[in-house]
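Q: Mind looking over this structure? Questions follow.
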Amino acid sequence: LRIFSRLKLLARTGDDLVTEVVADVLSKMRKAQEHLTHPDGEIALLNDSAFGIYERPAIVPSSRGHSKGAFQLPGAGYYGYADDEGDYVVCDVGRFGPDGQLAHAHGDVLSFEMSINSERIITDSGLYSYEDDSMRKYVRSTAAHSTVEINGEDQGEFWKIFRVGRRPNVEMTQWEPNDSGFSLAGTHDGYSRLPGKPAHRRRFHFEKKSGDVRFTLSDEIDATRLVTAVSRIHFAPNVRVLSCDGCRLIAETEHVDISVDFSGGKIALSESDYCPEFFT
């Protein structure tokens, strides 16, 4: 958003040459921003993202109502679906970022965010601050994202405020979009440094029929020894959990009914931190 904001300022200078130079890049960035914006008009909280740093994306004219269906940003590794009824999902099947600039990277490979009926349902944990403290460590961690954590470790080696050591190689292995959803699959080797060299594969399937949304996640862990895997789903603060019996969770928002069915383990509830705005 910082670069996007600077380019918009350049385009407003009134200089024809400057406007021409930035026009093509600005158009592509505007389209990417539309794909990474929830129906509530705020950005997806991917990596070091926070509300209120720059102008709201809703201020930028949007063509989302004319591009219903699946979308892809393969260079960044983002895939998803959006429509003009307020249903939206974005999945991360890309690397942490450019290897030469990982200062704002999070352990979010194969994670996702979702809105239904214009209400946020699943969200990343946000940013909080750039202090060298426990909150900075948490928001960058794999545990702060809706993906799989293995043996209590992160997908990469995070240290200090902005540093990253070893990081995963990520491969998108399936992308089948259509007007009512998509099938998507990816794999990464971020845990190969652990005993047993575990690899995580995830399949996403999003389908919308007769106004109802069905979203399926299938996870596979390949390892040469036993490992412990935790698959987290971070609900937005407006989601109220009504019941949980270990295999099925029932929740709701003001306008959305939610049912989560889980096989291969047990559902457990816990609290987590949500930091949509930068703490100063």
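Q: For region 38-53 and region 113-149, what is the separation of their C-alpha centers, rounded to whole Å?
A: After rounding, the separation between the Cα centres reads 11 Å.
Q: Now a separate question. Rounded to the nearest 10 degrees, what's the angle between the helix 16-35 long axis and the longest principal axis of the chain, both from Cα atoms, 0 to 90?
A: Helix 16-35 sits roughly 30 degrees off the main axis of the chain.
Q: If you don't mind, there's one more thing I want to ask. Could you work out the equivalent-ellipsoid semi-axes for the chain, taking the square root of 5 times each eigenvalue of the Cα gyration tensor, largest first, in whole Å?
A: Values: eigenvalues 179, 112, 69 Å².
Semi-axis lengths for the chain are 30, 24, 19 Å.
Q: Taking +1 at the Cβ of each Lys and Arg and -1 at the Cβ of each Asp and Glu, which of Gly156, Ala251, Ala144 sits farthest along the dipole of region 125-280 towards its positive end, judged by Cα position relative to the Cα centre?
A: Highest projection toward the positive end goes to Gly156.
Q: Suppose accessible area is computed on protein heavy atoms with a 1.4 Å probe; arrange Thr216, Thr123, Thr187 from highest to lowest. Present the calculation step by step, with values, prior to reporting the outcome.
A: On the way: Thr216 55, Thr123 0, Thr187 25 Å².
Reading off the accessible areas and sorting them downward yields Thr216, Thr187, Thr123.
Q: Shifting gears a bit: So which lysines pass the test for Lys137, namely a Cα distance under 23 Å, with those fewer than 8 places away in the same chain ruled out?
A: Lys160
Q: Compute a Gaussian network model of the chain, connecting alpha carbons closer than 10 Å, and tell me which residue from Tyr81, Tyr138, Tyr54 fluctuates the most.
A: Result for the chain, Cα springs under 10 Å: Tyr54 fluctuates most.
Q: Identify which of Asp189, Asp245, Asp124 has the largest mean-square fluctuation in a Gaussian network model of the chain, with springs joining Cα atoms closer than 10 Å.
A: Judging by the Gaussian network model, the answer is Asp245.
Q: What distance in nm lies between label points placed 7 Å from Cα along the C-beta direction at Val241 and Ser27?
A: 4.8
Q: For Glu277, what residues show an amide H to amide H distance below 5 Å, using hydrogens built from the backbone and excluding near sequence neighbours?
A: The answer is Phe51, Leu127, Tyr128.
Q: Dipole size in debye (nearest 20) for the chain around its Cα centre, Lys and Arg Cβ +1, Asp and Glu Cβ -1? Before the final figure, lay out the partial values.
A: On the way: 32 positive and 43 negative charges, 146 e Å.
Dipole size: approximately 700 debye.
Q: Using Cα positions and a limit of under 29 Å, work out the lysines in reach of Lys8, with same-chain residues fewer than 8 apart set aside.
A: Lys28, Lys31, Lys68
Q: Would you calculate a helix-derived [θ] at 222 nm for the chain, using -39,500 (n - 2.57) for each DSSP H run of n ≥ 4 and dividing by the full residue count, to the nearest 500?
A: Working: 3 runs with 37 residues, N = 280.
My calculation for the chain gives -4000 deg cm²/dmol from helical runs alone.
Q: Something else: Taking amide H positions as placed in the peptide plane 1.01 Å from N, state which residues far from Phe158 in sequence (5 or more) or on other chains have amide H under 5 Å from it.
A: Here the answer is Gly165, since their amide H atoms fall under 5 Å of that of Phe158.
Q: Of Thr228, Thr147, which has the most accessible area and how do the rest follow, probe 1.4 Å? Don't jump to the answer; show the numbers that get you there.
A: Values: Thr228 90, Thr147 0 Å².
Largest to smallest exposure gives the sequence Thr228, Thr147.
Q: Counting each pair of different Cα atoms once, what's the Kirkwood radius of region 33-189 in Å, rounded to one decimal? Spell out each step's value before the answer.
A: Details: mean 1/r = 0.0618 Å⁻¹.
Hydrodynamic radius (Kirkwood, Cα pairs) of region 33-189 is 16.2 Å.
The values are calculated or read from the model by the stated rules, or taken from the named source; none is laboratory data. It should be emphasised that the depicted structure is a prediction, and the values quoted were computed from it without experimental measurement. Note that we place each Cβ from the backbone using ideal geometry, even for glycine, and neighbour counts take in every protein chain shown. Ligands, DNA and RNA are stripped out before the accessible areas are found, and what is left, the full protein with its side chains, is counted by its heavy atoms. Shrake-Rupley method; radii C 1.70, N 1.55, O 1.52, S 1.80 Å.
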